[in-house]
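Heads up, the thing below is written out as structure tokens.
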Amino acid sequence: MTTMEETTAKPHIRQTQLLIDGQWRDAQSGKTFTTFDPSTEAPITEVAYAGPEDVDLAVAAARQAFDHGPWSRMDARDRGRIMYRLAELVEQNLEELAALETWDNGKPIRDSRAADLPLVVDCLRYYAGWADKIQGQTIPIRGDYFCYSRREPVGVCGQIIPWNFPLLMVAWKWGPALAMGCTIVMKPAEQTPLTCLRLGELALEAGVPPGVINILPGFGDTGAAIVRHRDVDKIAFTGSTETGRIIMREAAETLKRVTFELGGKSPNIVFADADLDAAIDGAEFGLFFNQGQCCCAGSRLFVERKVHAEFVKRVVEKAQSRQLGDPFHPETTQGPQVDEEQFRKIMDYIERGKRAGAECVTGGQRLGDRGWYIEPTVFDHVSDDMDIAREEIFGPVMSILPFDDLDEVVERGNQTMYGLAAAVWTRDAAKAHHVAHRLRAGTVWINCYDVFDAAAPFGGFKASGIGRELGEIALANYTEPKTVTMKLG
């Protein structure tokens, strides 16, 4: 572990209350909950715990702001201008936000600074640019009529986000919703509420009107109250597939629109003709980035048998070179898991892998006795039926599965209930695209991994979700198409 003298300073915590109708307030019940530092297990602060009464107030504020303005009725260019201003404020406060994200989540400060925050700024700017470009169509129909379509905002949006990329998930949800003119009731993850609350302050400073963005920290019961509320028109959820199923059942009662970005068990396929240096770097990054806490992590690493032995040896060396420690130290490349529950879940999967007969070639242990740190772990000789090859671990656990030919690996890669992401490593362009087309996944990377851009849609097939985040297509999540027909003469 590193010393505090070498680290970035922890930031001042500005906000721990609920944001409702442009005002910061305590929960109606007076209840709070504790958010913890994953690197020390020590409490950071107490945060207001939103209950059903708070949900009612927030939804009423969002309903009023949507039905009576000014947001949905504001000139689209003015909405875009406010969103651009919010992006500027995020950029101006990047160091503070990065430090707050690292403190609350445990991710290395280098990742918060260089990965998460730039993507947040880019996402907000991207959708600010879309605000005044939402267009319908003039439609030729039979008869003496003038027919056209409009794309109108869906209304009040309940948004529930996870803890693995707290601030980035806010941007992914706010961006298209705000650009369309929707209003928002958001529940951040109970493990990581602090950056969402700080972004709420910046949104008000940017000029977002009262009631347009409401933030309700809490646990599952808070999210359930948002999902069940009859004045919420749409739910956007990112998280586990299990929770997605529950939300879908609850939302059916009021026929809410729903979009889900859920779990994954992504195949990362390395052919013998690949650039092995690049593939090894990509495999290490694709699994261990963010402590393995990525829904699209390349957690099923298929390696062609011809290069399997060499690949395992070299990827183990890469894993062992990762720098675990204080996430505020600039040289740290792997921090702790987000909380004790996640830590215990991952350690249980490691033990299950060992019992099933997979070979743990490195890692597999807790690091230190304070903080939720797990060594980078690599299992070799994993079979498709093992739990570690079938179930989402959401931690720094790599499973290597050898294969012999293209048809075999495509079939095995698709043998999962998930379909979020995949990757293919080969120098043969035709082979790469052939495999990419056959893989049942929403995103396929070729000779790269975890390449994200605000313009590129992201989401999953099968149990990995419904709808897409990012890109122009994400605007559809927050749109109701309307057809208008007028008789001429």
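The values are calculated or read from the model by the stated rules, or taken from the named source; none is laboratory data. Everything numeric in this text was worked out from a predicted model, so none of it was measured. Heads up, the Cβs are rebuilt from the backbone with ideal geometry, glycines too, and the neighbour counts pull from every protein chain shown. Calculation scope for accessible area: heavy atoms of the full protein, side chains included, ligands and nucleic acids excluded. Shrake-Rupley method; radii C 1.70, N 1.55, O 1.52, S 1.80 Å.
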Members of the range 428-472 found to be aliphatic (A, V, I, L, M), part of a helix (DSSP H, G or I) and either open to solvent by 10 Å² or more (accessible area, probe 1.4 Å) or on the phi > 0 side of the Ramachandran plot (or both), listed by number: 429, 430, 436
Positions within the range 401-417 being surrounded by 15 or more Cβ atoms within 10 Å (Cβ to Cβ) and either more than 27 Å from the chain's Cα centre (by Cα) or part of a helix (DSSP H, G or I) (or both), in sequence order: 402, 403, 406, 409, 410, 412, 413
Close pairs (8 angstrom Cβ cut-off, 6 or more residues apart or separate chains): closer than 20 Å to residue 170 by Cβ in the range 240-263, open to solvent by 60 Å² or more (accessible area, probe 1.4 Å) and at pLDDT 95 or above anywhere: 258/248; 258/466; 259/466; 260/248; 260/466
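Each row is one residue, and each column tells you yes or no for (1) aromatic (Phe, Trp, Tyr); (2) surrounded by fewer than 19 Cβ atoms within 10 Å (Cβ to Cβ); (3) out of contact with any Ser or Thr (no Cβ under 9 Å at 6 or more places or on another chain); (4) within 23 Å of residue 415 (Cα to Cα).
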residue	(1), (2), (3), (4)
277	no, yes, yes, no
291	no, no, yes, no
324	no, no, no, no
329	no, no, no, no
332	no, no, no, no
335	no, no, no, no
355	no, yes, yes, yes
Number of positions in the range 319-352 that are in a helix (DSSP H, G or I) and either closer than 10 Å to residue 110 by Cβ or free of Cβ contacts under 8 Å to residues at least 60 places away in the same chain (or both): 13
Subset of the range 240-274 [among the hydrophobic types (A, V, I, L, M, F, W, C), buried (at least 18 other Cβ atoms within 10 Å of the Cβ) and closer than 19 Å to residue 439 by Cβ]: 262, 269, 270, 271, 274
Condition met for residue 236 (under 27 Å from residue 131 (Cβ atoms) and assigned to a helix (DSSP H, G or I)): no
Residues located in the range 139-160, provided they are open to solvent by 10 Å² or more (accessible area, probe 1.4 Å) and either in a loop (DSSP other than H, G, I, E, B) or among the charged types (D, E, K, R) (or both): 140, 141, 142, 143, 144, 150, 151, 152, 154
